[in-house]
Structures are given as structure tokens and as C-alpha cells.
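Presented below is the structure to which this report refers.
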């Protein structure tokens, strides 16, 4: 009888811990996968595929966008293509790290880029993630030092609407 009670208690504790920590692990995993998908596809110049893991917004990051998914995708692909044509593009990345900050995933990554024909490393580029309706996380933006490429690679279309 004691063994059954101990087993039940152990299962209850493990179950409660699972409910407390599994959602966080799922959020971290989904966010890491979103960043990986965006970066891997951008490196391969598969911009339409990359956009599938980009969180886009055109009013504010927490308001449903007015721009359609297809329009946002087209404009984002155009932005990233133009950026590459101007000589700025990602060639690799290292140390992709995602963690929870007050239940929201946040991350950093070291980007290896070509800028004006020179290889440069951007250490600790911050990544911002946002959830979509299906409780899935997507990569919303890059934040480094206010450089133009950050905005072009992000899902932010707010400034495009102001024009």
C-alpha cells in the first residue's frame, strides 16, 4: 500500500512539474526552430520559405496586421533581395541561444555577414519572438546596433505604412 501511495505521489509531483515546465520548453523549442528556419533559408536565398517563420506586423507588434500575408511576404522578399543586391547578407550564424524571459522567449545569435564585400561578425544579435494564433512562435525582429539590415530582415512593416 505504501509503494502505491508513494508511486501516486511521485506521479503527481512529476505531472505538476511537467505542466509547469513543458510549455516553456515548447516555447523555447518553437522559437529556436523559427530562428533556425529564417536564418537557414535566408542564407540559401530561399526568401519565401524564410518568411514562413517571420512574424510580421504593420500597426504595432501586438495588433492584428492590416496587410495580408501575401503582401507582407512579397514586400519582405523584396526587402531582403534588395539588401543582398546592395551587398549585405548573412552567410552563416553561430551560437543561437533561446531562453525564457518572464515566460517570453528571447534569444541571441552571432551572425556572420558580408557587408560591402567584407566578412563581418555581429556578436550577440538580439532576437525578438512573437506568438501567432496557433500558439506557435515566430521570429519578429533582429536587434543589434540600429543598422539598416536589422529592419530589412525583421517582420516590421510599421514604417512602410507611415510613408
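Assorted remarks:
- Spin-label pair residue 45/residue 112, simplified geometry with 7 Å Cα→Cβ offset, distance in nm: 1.9
- You can think of it this way: the chain between residue 158 and residue 59 has 35.1 nm of extra reach, that is 0.36 nm per residue less the Cα-Cα gap.
- The long axis of helix 69-85 is offset from the longest Cα principal axis of the chain by roughly 60 degrees.
- Highest-first arrangement of 87-93, 53-59, where packing means the average Cβ count within 10 Å: 53-59, 87-93
- Distance between the pseudo-spin-label points of residue 2 and residue 104 (7 Å out from Cα toward the beta carbon): 5.1 nm.
- Anisotropy class of region 33-98 from Cα gyration tensor, a/c 1.5 cut: oblate
- With both residues required to sit in the chain, DSSP beta bridges show an antiparallel share near 95%.
No value in this document is a laboratory result; all are computed from the given coordinates. These figures come from a predicted structure and were not determined experimentally. Glycine gets a Cβ as well: all are built from the backbone with ideal geometry, and neighbour counts include every protein chain shown.
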